[in-house]
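Engineer: Structure provided below as structure tokens; questions to follow.
The values are calculated or read from the model by the stated rules, or taken from the named source; none is laboratory data. Not measured: the values here are computed from a predicted model. Reconstructed Cβ throughout: ideal geometry from the backbone, glycine too, with neighbour counts over all protein chains shown.
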Amino acid sequence: MIDPAPEDMYMGPWAPRNVSWGEMACYFGGAMLVATLGTWWILQRGSRFGMDEPDTRRKLHEKAIPRLGGAPIFLAVGLASLVAGYIGGLGWTRWLPVAICNALIFSVGFVDDLKPLGAKVKLVGQIGTALILYALGISIDMLSNPFGEGSVALGWWSLPLTLIWLVSIPNIVNLIDGMDGLAGGFGLFLCLTLAFLGYYGSQPDVMVVSLAMAGALAGFLVFNLPPAKIFLGDGGAYLIGFFIASVSLFTANKGSVIGALLVIIIALGVPILDTLFAIIRRGIRGVSIFNADAEHIHHRLILLGYSKGRALAAMYSVCLALSLVGLSILVTKGIALPVVGAFLFLLALGTARYLGYVRSWSNFRLQINETMERRRQREFFRAYGRVLDFEVERCEDLENFDMMFRHGLERMGLGVQARESTKPEIIRLGEGKQCTIYHPQDDADASEWHLRLDVLVPALDRCLEKWQALPPCVEQHVPSPSLPPRATA
């Protein structure tokens with residue numbers, strides 16, 4: 001049975017008191033004001049650090065934009081929580097583990113915004129933060145039956161399930177942070193959903209911290225809606241995701257995965273679906289799941305003719321609808337769960353077809369075969385790229401490598417001279433260098449050729465390192481001021 005958390009779970013000297021509607025408005029409005037002023041200060045001050053530079057592939061904004069939006073959000077939520085704990089009498093001691101770990105996960109992302117850490121380092125930081133929260137007593141210990149009485153103790157499964165929950169949600173939020181206002185708006189809806197869960201379960205402290213985060217996100221969105229003047233960055237995305245994941249554990253009854261967590265999972269339907277599509281898409285294509293592309297749901301909507309504003313409104317509407325659908329499970333005590341499950345399954349199928357991930361269900365097998373053929377071609381390019389990388393070490397001089405490089409390009413069907421049947425592609429290298437490679441005009445989209453030609457970058461970078469020059473056959477040119485040199489590790 002899905003029941004709200006019992007009132008006796010707050011027994012003790014630090015038990016939170018009830019909160020009036022006026023106080024809730026003050027927490028929301030105060031956090032919103034702090035986040036708005038903090039974001040404005042960052043924009044007015046300007047900085048050479050934490051800037052998101054445009055490129056010619058995925059980042060199409062016209063100029064460099066700061067990605068430090070997580071800082072004012074963190075400040076606003078922190079101040080609101082301190083006020084609620086010390087002045088509002090809401091009982092702050094049981095929130096210390098959540099506060100510490102949210103600060104840690106924000107720090108991991110914020111440092112990456114200032115200087116890229118790499119996916120593996122960030123993942124280690126996320127897992128480490130989740131382990132700390134688990135060690136401090138915040139975990140999923142039981143699975144309750146949503147259709148009736150009883151629950152199952154997880155035992156040693158508690159650790160992996162808690163880690164998966166705490167690590168996956170921040171990464172899901174970060175994955176959808178590819179469009180102005182998207183991740184911040186989704187976070188706002190989810191925090192309002194958490195606030196309702198706190199209200200429904202007679203948990204005023206959950207309600208207050210959720211409203212504080214919602215207010216902070218509302219203040220940030222003033223500057224993040226299209227066209228964005230500031231981005232969340234990894235710090236902001238990780239903070240939103242980990243906040244939702246950790247606070248949702250407080251809305252559950254003594255560590256049981258009950259209606260509260262089901263509500264959050266369903267409310268996260270759009271980003272979860274987007275993540276699922278990305279994993280399947282990249283898995284079939286044979287590329288890393290961490291390899292960014294421009295084929296997320298919001299990219300597809302824009303390709304279908306939606307403006308950024310319309311695409312954002314459409315995704316907000318779906319997020320709001322899914323939040324209400326998730327809440328229906330809680331209100332009906334699990335009765336609506338089978339209907340909701342069928343609805344989500346049909347939604348996934350319809351979305352895949354509407355967005356063009358599946359061109360036709362009747363020809364789906366043919367589409368898979370075409371994708372596998374492109375995967376084999378990409379694997380050939382990858383293998384030959386490694387050969388050219390080894391050739392740099394084997395060749396005694398640049399002229400010898402130039403010959404090998406020409407031969408390698410011919411084997412891959414590429415060239416260094418323009419022809420009527422070819423298209424140019426700029427490859428950005430280290431040390432501010434750029435060169436142009438020409439590829440055949442075929443039905444492969446631009447992102448496919450980006451993946452294929454990226455295999456040449458290690459060999460050309462190594463060539464620059466060894467001889468301080470590129471092969472003479474390659475067309476070189478000075479980079480545009482709007483396209484800064486590619487960051488090197």
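Engineer: Hey, does segment 363-372 have a residue that's at pLDDT below 85, over 26 Å from Leu197 (Cβ atoms) and either touching a strand residue (DSSP E or B) at 6+ places or on another chain (Cβ under 6 Å) or assigned to a loop (DSSP other than H, G, I, E, B) (or both)?
Structural biologist: Looking for residues that are at pLDDT below 85, over 26 Å from Leu197 (Cβ atoms) and either touching a strand residue (DSSP E or B) at 6+ places or on another chain (Cβ under 6 Å) or assigned to a loop (DSSP other than H, G, I, E, B) (or both), one finds at least one in segment 363-372, hence yes.
Engineer: Does at least one position in segment 202-225 carry a residue that is in contact with a Gly (Cβ under 6 Å, 6 or more places away or on another chain) and surrounded by fewer than 21 Cβ atoms within 10 Å (Cβ to Cβ)?
Structural biologist: Among the residues of segment 202-225, at least one is in contact with a Gly (Cβ under 6 Å, 6 or more places away or on another chain) and surrounded by fewer than 21 Cβ atoms within 10 Å (Cβ to Cβ), which makes the answer yes.
Engineer: I would also like to ask the following. I'd like the residue in segment 298-325 that is closer than 25 Å to Asn369 by Cβ and surrounded by 16 or more Cβ atoms within 10 Å (Cβ to Cβ) and, out of all such residues, is modelled with the highest pLDDT.
Structural biologist: Arg300
Engineer: At pLDDT below 85, surrounded by fewer than 18 Cβ atoms within 10 Å (Cβ to Cβ), of a type outside the set (Phe, Trp, Tyr) and assigned to a strand (DSSP E or B): which single residue out of Gln476, Gln417 fits that description?
Structural biologist: Only one candidate qualifies: Gln476.
Engineer: Can you work out which of the residues in segment 249-273 that are crowded, with 24+ Cβ neighbours inside 10 Å and not hydrophobic (A, V, I, L, M, F, W, C) is modelled with the highest pLDDT?
Structural biologist: Result: Pro271.
Engineer: Within segment 312-329, does at least one residue satisfy the condition of being without any contact (Cβ under 8 Å) to a residue 24 or more places away in the chain, in the same structural domain as Asn224 (by TED's automatic domain parsing), touching a helix residue (DSSP H, G or I) at 6+ places or on another chain (Cβ under 8 Å) and within 22 Å of Ala267 (Cβ to Cβ)?
Structural biologist: Applying the first criterion (without any contact (Cβ under 8 Å) to a residue 24 or more places away in the chain) to segment 312-329 yields 313-314, 317, 321, 324, 328.
If we keep only those that are in the same structural domain as Asn224 (by TED's automatic domain parsing) as well, we get 313-314, 317, 321, 324, 328.
Next, only the ones that are touching a helix residue (DSSP H, G or I) at 6+ places or on another chain (Cβ under 8 Å) stay: 314, 328.
In the following step, the residues that additionally are within 22 Å of Ala267 (Cβ to Cβ) were identified as 314, 328.
Yes; the residues of segment 312-329 include at least one that is without any contact (Cβ under 8 Å) to a residue 24 or more places away in the chain, in the same structural domain as Asn224 (by TED's automatic domain parsing), touching a helix residue (DSSP H, G or I) at 6+ places or on another chain (Cβ under 8 Å) and within 22 Å of Ala267 (Cβ to Cβ).
Engineer: Arg359 passes all but one of (1) touching a Leu at 6+ places or on another chain (Cβ under 8 Å); (2) not assigned by TED's automatic domain parsing to the domain that holds Leu268; which number fails?
Structural biologist: Exception for Arg359: condition (1).
Engineer: Taking segment 274-296 as the region of interest, how many residues are surrounded by 18 or more Cβ atoms within 10 Å (Cβ to Cβ), among the small types (Gly, Ala, Ser) and farther than 10 Å from Ser447 by Cβ?
Structural biologist: Result for segment 274-296: 1.
Engineer: Which residues, taken from segment 265-315, are of a type in the set (Gly, Ala, Ser) and closer than 22 Å to Ile164 by Cα? Steps first, answer last, please.
Structural biologist: Going residue by residue through segment 265-315, those that are of a type in the set (Gly, Ala, Ser) are 267, 269, 278, 283, 286, 288, 292, 294, 305, 307, 309, 311, 313-314.
Listed by number, the residues that qualify are Ala267, Gly269, Ala278, Gly283, Ser288, Ala292.
Engineer: Which condition breaks for Leu398 when tested against (1) of a type in the set (A, V, I, L, M, F, W, C); (2) modelled with pLDDT of 80 or more; (3) over 26 Å from Ala292 (Cβ atoms); (4) within 34 Å of the chain's Cα centre (by Cα)?
Structural biologist: The single condition Leu398 does not satisfy is (4).
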